[in-house]
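Colleague: This is the structure I have questions about; it appears just below.
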Amino acid sequence: MDKRRAPNALFLGREVNEVYSSLGEKDDFKKAIDRGLEALKENMFAGDIIRKSLIPKYYVREFGVNNLYRLKLDKKRRCCYTIVADKQGFKVIVLEVFPDHKSYNKRFGYREA
């Protein structure tokens with residue numbers, strides 16, 4: 001069964017939008033984010049779902065999420081997003097982008113090996 005499904009809309013969270021807007025057109029991080037956004041526009045399930053028990057409390061407290069997905073943007077960068085449903089359909093909201101694996105590990109409480 002193919003689980004691919006395009007969302008009705010895709011939004012960037014305020015902080016993500018600020019980071020994205022501050023990046024230059026030739027910035028590798030911006031290019032990685034653009035590729036990730038294109039993937040999400042085509043398929044809102046492009047990322048890996050994070051089990052509820054592993055969702056950092058930050059996302060629940062700050063955004064009230066009950067689902068969270070992680071999308072690998074490139075070898076070292078990630079983004080986290082949620083999917084919300086309303087009368088118009090499904091919307092993807094990108095909540096956070098990580099410029100490096102260290103910041104991603106810190107958010108999720110992973111320790112360096």
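Colleague: At a 10 Å Cβ-Cβ cut-off, how would you order I49, I83, fewest neighbours first?
Modeller: Numbers: I49 13, I83 20.
Going from least to most buried by this count: I49, I83.
Colleague: Using only the alpha carbons of the stretch 9-108, determine the length spanned along each of the three principal axes and report them from longest to shortest in whole angstroms.
Modeller: Largest to smallest, the principal-axis extents are 36, 32, 22 Å.
Colleague: Once fully extended, how much extra length lies between K57 and N17, figured as 0.36 nm per residue of separation less the alpha-carbon to alpha-carbon distance?
Modeller: Here the segment from K57 to N17 would lengthen by 12.2 nm.
Colleague: Something else: Please rank S103, S53, fewest neighbouring Cβ atoms within 10 Å first, as an exposure proxy.
Modeller: S53, S103
Colleague: Something else about it: Sort L23, L73 so that the residue with the fewest other Cβ atoms within 10 Å of its own Cβ comes first and the one with the most comes last.
Modeller: Result, fewest neighbours first: L23, L73.
Colleague: Could you list which residues have their amide H under 5 Å from that of L68, counting only those 5 or more apart in sequence or on another chain, with H placed in the peptide plane?
Modeller: Placed amide hydrogens put I50 under 5 Å from L68.
Colleague: Right, here's the next one. Using a cut-off of under 12 Å, list every residue of the stretch 51-75 whose amide N is near the label point 7 Å from the Cα of H101 along the Cα-to-beta-carbon line.
Modeller: Residues 74-75 qualify, since their backbone N sits under 12 Å from the label point.
Colleague: If you take every residue apart from K72 with its C-beta less than 12 Å away from the C-beta of K72, what net charge results, scoring Lys and Arg +1 and Asp and Glu -1?
Modeller: Around K72, the surrounding residues sum to +4.
Colleague: Between the alpha-carbon centers of the stretch 28-42 and the stretch 78-109, tell me the distance in whole angstrom.
Modeller: 13 Å
No value in this document is a laboratory result; all are computed from the given coordinates. In this text, all values refer to a predicted model and were calculated from it rather than measured experimentally. When we count neighbours, we look across all protein chains shown, and the Cβ atoms used for this are built from the backbone with ideal geometry, even at glycine.
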